[in-house]
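Structure record follows, encoded as structure tokens.
The values are calculated or read from the model by the stated rules, or taken from the named source; none is laboratory data. These numbers were taken from a predicted model, which means no experiment stands behind them. Positions of Cβ are generated from backbone atoms using ideal geometry, with glycine treated the same way; all protein chains shown enter the neighbour counts. Each accessible area value is taken on the protein alone, full model and side chains, heavy atoms only, with ligands, DNA and RNA left out. Shrake-Rupley method; radii C 1.70, N 1.55, O 1.52, S 1.80 Å.
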Amino acid sequence: MRLQTAPAAQPLELGVIVPTFKEAPNVRPLLQKLEAALQGIVWQVIFVDDDSPDGTAAAVKAIAATDPRVMCLHRIGRRGLAGAVIEGAMASAAPFVAVIDGDLQHDETLLPQMLKALQEDRADVVVGSRYLGVAGADASALGATREAGSRLANWLGRRVLRADVTDPMSGFFMLRREMVEAVAPALTTSGFKVLFDILASQKTPPRYLELPYEFRARHAGDSKLDNGVVIQYLGLLVAKLTRDLISPRFIMFAMVGASGVGVHLLILRSLLHLGFAEAQLVAALGAMTSNYLINNAVTYRDRRKRGAALLVGYFKFVVLCSVPLAANVAVATMVYERGPSWWVAGVAGAVVAAVWNYVTTSRAVW
């Protein structure tokens, strides 16, 4: 059966991707702002919602029922801003895609300028920058601590990209859709720094254009950024420095494991009076518990377990990590008996189990 030709329509020019989680109060105000800013442009907006408990997806779908420019990708069992952006961009048929937050902190009036620069082939990527030094173009709405952290993150990002971009961590940008499609298999779906990942994954360095904008205060809802994002970002930096030979998730797992070594040694030192083997056993169990809780909150935040699932996952984690536990204790005891200091022996035992723990728990627990 041959499909009928659709009625003639103006070609789609721009797809606006809005990743959301608990943004229901912001949906209609954002659409009103996009309507006003994109006059004369053929556009669509794709809200990618991570199953918000406040009914964000339902709010979008209610509008989409009567407005064909509005779409909703309602994700179940998947979370993370980066993954939402990637899925939204891949779902759009527009030649250019923009990413903008649903919290109204980005300046939607900049979108026509961004699109014009791309259509005129003056750049491959146009970034809304908070740090160009122009009056009103700053990140003060972040707060002093987060602004300082953001500036440090941007400095590190520029070192990795080797490009003079003031805001490679920006969540407000526009680019050709094909740039995302070309590197999509290599992108990490967890974390927040999707622009950096897209840029760092390109085989040919893209041409950048940055435009200043005023970073507004949040309109409604809560920020999705927390301290776990810092660890995720550091993992992504290292992954790009190794040209993706090491996955960002493994790097985060290793960083959490390093903190577990500290917990392990602290417990071991405090319980040495019980005997080394006994203290090593308790220290290993303590480090397991610490590692599980931190990994659940940070490394696997997009698959985070809660409630009963958190407890079930903990028992699985302990069982899997207990397989090399005997080797951990045996190696540490052997090293200790041969003369080195207690901490060298403790570290030796902990390293034995590290690789096994990552491979097995990443498959069976999360």
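Brief remarks on what is shown
- The separation of the range 290-304 from the range 73-125, counted between C-alpha centres, amounts to 28 Å.
- Using a probe radius of 1.4 angstrom, the carbon and sulfur fraction of the accessible surface of the range 27-111 is 56%.
- Its residues counted as N, the range 1-84 yields a C-alpha radius of gyration over 2.2 N^0.38 Å of 1.22.
- Per residue solvent-accessible surface (Å²) - the range 63-102, probe of 1.4 Å: 40 Å²
- If only the Cβ of Lys and Arg carry +1 and only the Cβ of Asp and Glu carry -1, the dipole of the range 31-89 around its Cα centre is close to 80 debye.
- Sorting the segments 303-313, 107-117 by their residues' average number of neighbouring beta-carbon atoms within 10 angstrom, most packed first, yields 107-117, 303-313.
- Carbon + sulfur, % of accessible area of the range 252-322 - ligands and nucleic acids excluded, 1.4 Å: 73 percent
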